[in-house]
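Report on the structure given below.
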Amino acid sequence: MTELLPADPEGIARAAELLRDGALVSFGTETVYGLGGDATNAAAVAAIFAAKGRPKFNPLISHYPDTIKAFEDVTPNAIAHSLAREFWPGPLTMVLPRTAECRVAMIAGAGLDTLAVRVPAHRDALALLAAVNRPVAAPSANRSGQVSPTTAAHVLDGLRDRVAAVLDSGPCAVGVESTVLDLSGARPILLRPGGVTLEAIEAAIGPIDDGATDGAMRSPGQMASHYAPSLPVRLNAETAADDEALLAFGPAPRHAGTIFQLSEVMDLIEAASRLFDGLRWLDMEGGRLGLRGIAAKPVPETGLGRAINDRLRRAAAPRG
Ligand code: TXA
Ligand code: MG
């Protein structure tokens, strides 16, 4: 039985106790809900992979309550220090070399000599991480390959009885996962567009590689098909057919059938926060009505649009 815990002091204390005992707890962050486990406990980390059905070569992010704690397990360089000052707490994940004393179980990093670390910008998540007082490994709290969760109800849809508890802190504000930046090499490489925009990162540290060439190979988890609803997704659709549901972006969508509006006023922040809820809802409605697929209106490739388009492309990719 999965415990549904309110994000009050007692709920947070209970969630911390479960994590310290090696159990799995899902908790809200500003991006998506995470499926947390004690990152120093190899058995707990193995249970995360099992609960998600996640391939073991896809490494996990370790979460910390502050920069000082995060940089105890990795070796930061000058760029990492400035990015931490600028963007932490916040939706940025940095991949850095593990320290010799790194407490995080090797299985969490899929055996790599680098580790992904992040300090989330969410009051309840930070309180939980401080109470656990150990790094917490947390991938998104969905079955591997499926749509990421932005509410406690989404988590229960996919992981009920596979997780000891869900700490319900309400809907996630950002709605897409953190930006993953590899800082372990000579130049920073963007491995996954996310909640901190490329524009904001480049304003802070100068131009970076967008990972389009070697980045895809370097981030083991960036499989093509991911974030996939059951119904097929058709990209850059100007209109939807009668037997398709429409993921709309912008005013006055012309479609008589099922519509989910990401943002009438074409606000990318609003659209990101609604994306995964929209995919889930259209999938459910479309399935119920026997529709053929989901048609997605084009979204500009700027700001949070990069993260939105990355998720939509993976949702539309051939299923492997
Ligand atoms: O917003 C987020 O980042 C959420 C919340 C829960 O914090 N977490 C999340 O985790 O999205 P996950 O496991 O779904 O995505 C982690 C990504 C994967 O693409 C993985 O391959 C990459 O980070 N990653 C983790 N460790 C890495 C490493 N050492 N080198 C390269 N990529 C790494
Ligand atoms: Mg994920």
Return the pairs, sorted by first residue and then second, in which the second residue is of a type in the set (S, T, N, Q), the first residue lies in segment 175-188 and is assigned to a loop (DSSP other than H, G, I, E, B), the beta carbons are less than 6 Å apart, and the residues are 6+ apart or on different chains.
G175/T150; G175/S273; E177/T31; S178/T31; S178/T93; S184/T114
Looking at E3, E17, which is the one that is more than 10 Å from ligand 1 (Cβ to nearest atom), acidic (D, E) and in contact (Cβ under 8 Å) with a residue 60 or more places away in the chain?
E3
In segment 131-161, the residues that are of a type in the set (A, V, I, L, M) and over 19 Å from V45 (Cα atoms)
V147, A152, A153, L156
Residue satisfying condition, being more than 26 Å from D267 (Cα to Cα), of a type outside the set (K, R), within 13 Å of ligand 2 (Cβ to nearest atom) and under 13 Å from the mean Cα position of the chain (by Cα), within set S178, S148, S144:
S144
Taking segment 148-176 and keeping residues acidic (D, E) and at pLDDT 95 or above leaves D157, D168
Within the bounds of segment 271-284, is there any residue that is under 25 Å from L190 (Cα atoms), surrounded by 16 or more Cβ atoms within 10 Å (Cβ to Cβ), among the hydroxyl-bearing types (S, T, Y) and not assigned by TED's automatic domain parsing to the domain that holds Y33?
yes
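Just give me the residues in segment 1-33 being part of a helix (DSSP H, G or I) and either out of contact with any Asp or Glu (no Cβ under 6 Å at 6 or more places or on another chain) or surrounded by fewer than 24 Cβ atoms within 10 Å (Cβ to Cβ) (or both), in sequence order.
Across segment 1-33, the qualifying residues are P9, E10, G11, I12, A13, R14, A15, A16, E17, L18, R20.
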Looking only at segment 225-252, how many residues end up being open to solvent by 40 Å² or more (accessible area, probe 1.4 Å), within 12 Å of Q146 (Cα to Cα) and out of contact with any helix residue (DSSP H, G or I) (no Cβ under 6 Å at 6 or more places or on another chain)?
0
Which one of the conditions (1) touching a Leu at 6+ places or on another chain (Cβ under 8 Å); (2) touching a residue at least 60 places away in the same chain (Cβ under 8 Å); (3) of a type outside the set (G, A, S) does N41 fail to meet, given that it meets all the rest?
(1)
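The values are calculated or read from the model by the stated rules, or taken from the named source; none is laboratory data. These numbers were taken from a predicted model, which means no experiment stands behind them. Note that we place each Cβ from the backbone using ideal geometry, even for glycine, and neighbour counts take in every protein chain shown. Keep in mind that these areas ignore ligands, DNA and RNA; they rest on the heavy atoms of the full protein, side chains included. Shrake-Rupley method; radii C 1.70, N 1.55, O 1.52, S 1.80 Å.
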